[in-house]
Structure formats: C-alpha cells, structure tokens
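The values are calculated or read from the model by the stated rules, or taken from the named source; none is laboratory data. These numbers come from a predicted model, not from an experiment. Positions of Cβ are backbone-derived with ideal geometry, glycine not excepted, and every protein chain shown enters the neighbour counts.
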Amino acid sequence: MSQVIKVENIITKFGSKLVHSGVNLEVEQNEIYAVLGESGSGKSVLLKEMTMLLKPTSGDIYLFGKNIRDLSRAEVAELKQNWGVLFQFGALFTSLSIENNIALLLKEYTRLSKKMIHYIVDAKLEMVGLDRSVKYLYPHELSGGMIKRASLARTLALDPKLLFLDEPTSGLDPVGARGFDELIVNLRDILDLTIVMITHDLDTIHNIVDRLSILADHKVVASGTLHDVLQSHHPFVEKFFKNEYLNKRLKSV
Amino acid sequence: MKESGYRVEKSSRKSTVYCYGSWRVTTIDKFEKSVYSLDFKNRDIEIDLSQVSELDTSGALLLTMIAKSAKSVTYLNLSKKQDKLIHIIEESVAQRATAQYKRRGQIDHLSFKFFSSLLYVKEFIAFLGELFIKSIRLITKPKNFRFKESVYFIQTSGINALPIIGMTAFLVGVVIAYQTIVQLTKFGADIFVVDTSTIAIARELGPMITAIVVAGRSASSYTAEIGAMKLTEELDAMKTMGFMPFYFLVIPRIIALVIALPLLIFFSDMVGILGAMVATKAQIGLSFEIFIQRIYEVLALKHYIIGIVKGPFFAFIIAFVGVFHGLKVSQDTESIGKETTQSVVNAIFLVIVCDALFSVVFTELGI
C-alpha cells in the first residue's frame, strides 16, 4: 500500500487568525479517510488546501508522492484529471443539463466521439443510481439527494483515482445517506478509489470509514481507526463520541 | 507510458482480441473509433486482458462495444475487480436497449417559443393587475408602506444617478445646439438655435435621456437584486415570515423612481440647456444673457411641463419592468443575466413607445 496523501506540518493563518498550527495526516491508497472536527476547526480549509484552492501559510502537502508546491503546470493539469472533488452542495453548473454537466470534462479532456461520451454519461448515471431520464433535466429540477448523486457522477467522469468529498451525506435523509455510504464503498471497491471526506455523520464514520483524524485546537488531536480515536480523552472526542446515546451504539467497536 | 490498444487474431473457430496497455478514459480515444468498425459476424470471441495495465469504466464500456457484434464473449485473464466492473457496465448497457427518451423536435421547439412569448404577455398583465390590487390595499392600510426602503431607493436610483445624467444631458445639449447652428447659419437665422434646442431638450430629449440612463442603471439593478434574492430563497424566507415581497421589494422601488425621475428630468433639462448655451457661445458668440432672455420669449411653460409629466410614467415603466424580470428569475444563475438584459431592453423599448404615444396625443390635443 502506498501513500496517496501526506500532509506535513501545515500551518494556516488568515491575517492574525490561526487556523492550523501543525497539522499532519497520511492517507493510504484505497482507504476511506475521514476528517472530523467542530465547525470552525479548519476542516474545509484543509480540504481546500489539499485541492489547491488555498495555499497554506507553511508546510507541505504531497499528493501521489509529489509535493504540490513543486509541481509544473503540466503536472498540475494531470493531477487535476486524477482527482475528483464533490462539493457540499453539489456545485453543478446550473445552466447546463445533467448530461452536459457530466460530459463537460469528457469533451474538454478527451477526444472521444459523441456517441462514446453519451454512453459514458449513461454508465456513470447508472453507477450512482440515477435514472437515465435525469440527464435532460437541469440542476434546479432535482432533489437534494439527486443533486448529490448527479454531482458524484460528474466527479467520476474521468475515473479519478482520488476523491475528495465535502460532507457527502449532509442534507440527505437517513435512508438516502446510508444509500450514499453504500454507493461510496461500492465505487471504492470497483474503481480502486482513495477517498478523503469531511463528515459529521456518525453512521458514515461507523459504517464505512477506515481511518479518521480529529481536528481540534488547530491540530490533529487523534487519528487512526475509530477504535484508536475512541481511546483519546480530548474534550472534543469525549463530547462527540462518548455521550449516553452513542455508548450503546459504539459498544461493538 | 506504455502504448495502449488492441489487436485481433482470427482463427477458424473463434477470434481473440488481445488488449494491452492502459484502457483509461484519457487513453482510449486513440483507438476508440476503430472499435466501431469491428465485425465478428456473430461468432464467439475471447477478450484477453492479461496485458492491460489499467481499466476504468470508460475502458470497460469500450470492451462491451467490441463484444457487440459477437455471439458470445469470454473474458480471459481478468482480475476480480475488472470482472466486477465489466459486469456493472454490461448491466447498464443492457438497460439502455430498453429505455428510450424523446427529445424536443424543431417544430415542437418553435411552438414552445411561441407559447412562451404569449405566456410572457399574460404574466406581464397579471403582474400589473397584482400590483394594482396590492396598491389599493396599501392605500387602505398605509402603515404597510415602507418609507425607509423608498427613501433608500431614491438615494441609490435617483441621487446617485445625478453625475452620469448631468454629463449625458450636457453633452446632448452641446451636440444639439452645435448641429442646429450649422444649419441655421445658412439662413442667417442663428438666433433660432435657442428656440429649437431648448424646446427639444425640455419637451423630448431631457425626459428621454434621463429615462434611458435610469433604465440602464436601475432596471438592471432591480432585476439583479431581486433575482439574486429569489435564487438564494430569500424571497421564500420573507414569505414564511409573513413579509410580503410586494410591499418590501416592489412598491418601494416603484414609488422611489416615480418620485425621483421627474426631479432628475428637471436636473437634466437645466444641464442640457446649459450645454446648449455653452455651445452657442463658443460657436457664434451669443452671450448667456441674450440666450436666457430669448428662452423667456420662446420656451413656453407647457413644453417644460409636458417633459416633467412624462417622468412618472417613464419611472413606472422602468421600475415595473425591472422588478417584473427580477421575479421571473428561475433557479439557475444564467437566468439572472438573461432577465437583466431583457429588463433593460424592454424598459427602454417601452419608454420609447410611451413617449411616442405622448407625442401623438399632445400634438393632437394642440398642446
């Protein structure tokens, strides 16, 4: 197993506001990795730094073994075709139909025929569990759950190796959320994906996440499998995992 | 990277397709088109994947296309994951055969366009009616009137527009006077420049210039503001709190512009005439005193009043069209741009139509 992501000693400051003071984490190939933390703990900022939307004040991030600071323009372009980012609210292009949303990357980065692109779009919709008639619709005509699935289909258009998910189950009903979890595991198994997600969903963490990190007090206060994390006595871990309600559910861990 | 592709070996009993290299979405485009011309004439084939380094969904999809013309297909040397992937893709391909979806044809499209423009007229009239009823309700319950919002819009759409309106009106005044002088001098009648330019400015040009500038500034901003609020569901939020968007957003904007536009027209008249005076002095050396003296003689009060009276009507059209298009914004970001363009174009067009009507009516009435 090789490392897909390595985050080393990340420090982030916005003006005088400290967000991260030395964050470290490593994500292995083919695992589902979760980042957890209170709101304002810098989870989303970390995700943005890993996807090169923001630059950390100092520290290094290695993706597929390469430091993202030192990448040439061509390498950045290649990297961006090898990852997919699923945004919290889908971020589908509202002026394009679902079909064109998914086909956009294929049209831009490959020279496949229209026919083939058409088939690929169908296959992706099938994979995320959407009916094919959806492709002629526009994002505003879809429900929240369908938007998540459709944007996952867009994220998967180029079959990326690495997937970043920002709160994938937020805004979904419990049944839909479990369905989405199952979908993510299946896709990981079939497509050899490595998945990094930000989530607050305890069921997701319990059911599908292999390892996780807890962000609090500007750094990682606990990491490893759920079992490892539960050994920590950090106040956030105590508060988040060890209340009465959860004790019953986590006994099996 | 290793070269990717496939080669076919045919024997008497069956054909074997040897695939090699990376079969990823970014690599298969080189040989994708040749796959469509493969024809195995309904025989059994084997597909050997032992040399394939990578296979993704698009690659698997292409494999199923190779198999299309064959009677049966056996995959050789494939890993468990590849097997699973191909299985899923085969399922999705099988479903495609059964599902058919219609797309809109040309005639259909044309009739759709036609009926949607009819619908537009209907919506426009319905909105006018709604505004009328809401205004009457407002008169019976005046405490619903939002005084603060109205004042705010007088500030943003009226007072803030003074510099640009002043500049435009001044330049139009200069141009009108300058061009008229050139013609009138031929007849030795240059003093009539005062008559023509001041009457034209007070009666037609002042109101028109002002209305067009305000339409460009305010109709667009009304549409964009309200449209963005609709997009972010702020309008729905207001409704659930029991605030009527009509009283909060629509009526204050209309009232504000109805109050501000006549005042702006007055300002634009003054600056326009100043422009004409400056141009006249520069061209034929007519002094400001004589110019103003002449204005007293030739510019009847009625011309000025007609210009001002048009103001509230133009203002109503501009604000109404702006707000109407703002509320028409649908759930996609592109429609804000579309509606904003529409609102400016329609506002200017309707202002000109209205002005033409006034022109005919006043002339017929002998005013």
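Tell me, yes or no, whether region A:117-126 has at least one residue that is modelled with pLDDT under 85 and of a type outside the set (A, V, I, L, M, F, W, C).
Yes - at least one qualifying residue is present in region A:117-126.
Of all residues in region B:60-82, which are more than 10 Å from every other protein chain (Cβ to nearest Cβ) and assigned to a helix (DSSP H, G or I)?
Passing the criteria: B:L63, B:I66, B:A67, B:K68, B:S69.
Out of everything in region A:172-195 that is free of Cβ contacts under 8 Å to residues at least 40 places away in the same chain and surrounded by fewer than 17 Cβ atoms within 10 Å (Cβ to Cβ), what residue ends up being nearest to the other protein chains (Cβ to nearest Cβ)?
This residue is A:D189.
Looking only at region B:318-367, count every residue that is more than 30 Å from B:K239 (Cβ to Cβ) and not aromatic (F, W, Y) and tell me the total.
Final tally of qualifying residues: 16.
Could you list all residues from region A:156-165 that are more than 13 Å from chain B (Cβ to nearest Cβ) and surrounded by 24 or more Cβ atoms within 10 Å (Cβ to Cβ)?
Result: A:L165, single match.
Taking the condition farther than 30 Å from B:A228 by Cβ and either buried (at least 19 other Cβ atoms within 10 Å of the Cβ) or among the aliphatic types (A, V, I, L, M) (or both), does B:I317 pass?
no
Give me the residue from region B:9-59 that is touching a strand residue (DSSP E or B) at 6+ places or on another chain (Cβ under 6 Å), modelled with pLDDT of 80 or more and not in a strand (DSSP E or B) and, out of that set, nearest to the other protein chains (Cβ to nearest Cβ).
Ranking the qualifying residues of region B:9-59, first place goes to B:R24.
Can you name the helices (runs of 4 or more DSSP H) wholly within region B:143-247 that have at least 1 residues being in the same structural domain as B:L350 (by TED's automatic domain parsing) and more than 24 Å from B:S335 (Cα to Cα)?
Where helices (runs of 4 or more DSSP H) fall fully within region B:143-247 and carry at least 1 residues being in the same structural domain as B:L350 (by TED's automatic domain parsing) and more than 24 Å from B:S335 (Cα to Cα), they are B:147-153, B:162-185, B:193-200, B:206-214, B:234-240.
Of (1) surrounded by fewer than 20 Cβ atoms within 10 Å (Cβ to Cβ); (2) within 14 Å of chain B (Cβ to nearest Cβ); (3) touching a residue at least 24 places away in the same chain (Cβ under 8 Å), A:H206 satisfies all except one. Which?
(2)
Where in region A:27-88 are there strands (runs of 3 or more DSSP E), lying wholly inside it, with at least 3 residues that are within 16 Å of the chain's Cα centre (by Cα) and of a type in the set (A, V, I, L, M)?
In region A:27-88, A:32-37 are the strands (runs of 3 or more DSSP E) which contain 3 or more residues that are within 16 Å of the chain's Cα centre (by Cα) and of a type in the set (A, V, I, L, M).
Where residues in region B:291-308 are aliphatic (A, V, I, L, M) and either within 26 Å of B:I226 (Cβ to Cβ) or in contact (Cβ under 8 Å) with a residue 40 or more places away in the chain (or both), which of them is surrounded by the fewest Cβ atoms within 10 Å (Cβ to Cβ)?
Only one residue tops the list, namely B:V298.
Taking the condition of being at the interface with chain B (Cβ under 9 Å from one of its Cβ atoms) and in a loop (DSSP other than H, G, I, E, B), how many residues in region A:97-146 meet it?
Qualifying residue count, region A:97-146: 6.
When the residues of region A:78-96 are narrowed to those that are more than 10 Å from chain B (Cβ to nearest Cβ) and small (G, A, S), which ends up farthest from A:R188 (Cα to Cα)?
A:A91
Does at least one position in region B:338-349 carry a residue that is without any contact (Cβ under 8 Å) to a residue 60 or more places away in the chain and part of a loop (DSSP other than H, G, I, E, B)?
Among the residues of region B:338-349, not one is without any contact (Cβ under 8 Å) to a residue 60 or more places away in the chain and part of a loop (DSSP other than H, G, I, E, B), which makes the answer no.
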